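Chemist: The structure that follows is given in the form of structure tokens.
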Amino acid sequence: MPVLPSVAVVILNWNGKAFLERFLPSVCASAYGNLDIYVADNASTDDSVAFVQAAFPQVKIIRNATNSGFAGGYNEALQHVKADIFVLLNQDVEVEPDWIMPVITRMQEDQLIAACQPKLRAYHDRQDFEYAGAAGGWMDILGYTFCRGRILYTTETDDGQYNDTQDIFWASGAALFIRSECFFEVGGFDPYFFAHMEEVDLCWRLQRAGYRIVYCPRSVVYHVGGGSLPQGNPRKLYLNFRNNLIMLCKNLHFDEQWIILSQRHFLDLLAAFKSLVSGKPKDMLAIFRAYRDYYRWRRKEEKHLHDAYPRKRLYDLKGVFHGIMIWRYYFLNRRRFSELTPEKK
């Protein structure tokens with residue numbers, strides 16, 4: 001019998017005792033024979049670490065010195081983890097006992113699969129796809145991200161319509177399987193992102209390096225979502241806009257940068273104006289702050305960017321919708337992924 005790859009489930013925790021109390025038992029019940037479970041604590045101020053040590057002595061603890069967000073927290077913690085496959089799991093995720101093996105089997109079939117995500121359903125509406133990953137992440141030609149099963153704030157019910165294994169553009173950081181050597185090869189997460197979009201940026205760099213990102217529907221997990229920053233929070237909006245712009249600047253082919261970023265600037269200005277007339281001035285200010293800090297980043301960091309891997313045109317990458325998602329969503333009323341008629345490659 002072949003030796004199973006070693007797997008390390010690493011749960012990044014920040015003041016998450018209530019989540020750990022509810023969801024860690026399901027993780028510890030995972031049916032996989034070569035598994036270690038870690039809680040990487042991001043300088044929590046509650047007693048979550050003491051709780052884990054007392055209630056789950058088999059779980060290993062990593063203590064980060066500061067709270068450097070999702071990106072920096074995982075970068076720091078994973079330096080102390082030895083495994084063939086890392087599984088980055090949010091603290092608010094419930095898993096089924098057999099959730100690991102289907103993904104590992106799929107990854108073992110092709111060594112070019114660097115990252116993989118299971119099907120994400122909503123914890124509170126268990127037949128619905130969950131916002132943060134649904135059935136795999138995609139991106140349109142202007143850099144707007146969405147999922148099979150979730151476009152903007154519209155989520156679909158899982159009726160088996162996305163039960164096919166498929167290459168995707170990005171795998172959700174809520175439940176991300178990734179080869180450890182690939183994670184370190186491309187430099188891990190960008191710590192400047194802090195949170196939001198860091199997994200999309202990572203998967204884009206993995207594709208540039210020649211790897212595949214895959215969705216595995218035979219593995220199912222249930223995500224609460226919004227545990228750190230809920231939808232509609234201006235801080236979340238700021239990070240999403242800022243990090244998305246930086247990601248585009250870092251990864252777009254140079255021939256595509258001007259046309260895509262100029263269109264994005266126009267559309268983002270419209271989004272800011274819409275926030276103002278909708279009575280959400282804090283959202284408008286969040287978008288303006290995102291642009292301010294994006295341009296500060298460009299002045300300071302862009303000239304230092306080192307492209308270790310070629311910048312590929314979006315049309316040459318998997319999981320890219322060759323159209324403008326927001327146009328079809330708002331003006332053509334196409335709210336389901338299947339209605340976007342994405343091109344499959």
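Chemist: Collect the residues in segment 251-284 that are of a type outside the set (Gly, Ala, Ser), surrounded by 17 or more Cβ atoms within 10 Å (Cβ to Cβ) and either under 21 Å from residue 233 (Cα atoms) or in contact with a Pro (Cβ under 8 Å, 6 or more places away or on another chain) (or both), keeping them in residue-number order.
Modeler: Matches in segment 251-284: 268, 283, 284.
Chemist: Can you work out which of the residues in segment 83-102 that are aliphatic (A, V, I, L, M) and within 16 Å of residue 184 (Cα to Cα) is nearest to the chain's Cα centre (by Cα)?
Modeler: 88
Chemist: Let me ask something else about it. Taking the criterion of being farther than 13 Å from residue 321 by Cβ, touching a strand residue (DSSP E or B) at 6+ places or on another chain (Cβ under 9 Å) and buried (at least 24 other Cβ atoms within 10 Å of the Cβ), would at least one residue in segment 138-148 satisfy it?
Modeler: no
Chemist: Further, regarding this structure: Tell me which residues, restricted to segment 32-91, are on the phi > 0 side of the Ramachandran plot and surrounded by fewer than 17 Cβ atoms within 10 Å (Cβ to Cβ).
Modeler: 43, the sole residue that qualifies.
Chemist: Which of the residues belonging to segment 103-146 are over 19 Å from the mean Cα position of the chain (by Cα) and of a type in the set (Asp, Glu)?
Modeler: Correct list: 109, 110, 125.
Computed from the coordinates by the stated procedures, all read-outs in this text should not be read as laboratory data. As the structure is a prediction and not an experimental result, all values here were calculated from the model. Cβ atoms come from the backbone with ideal geometry, glycine included; neighbour counts cover every protein chain shown.
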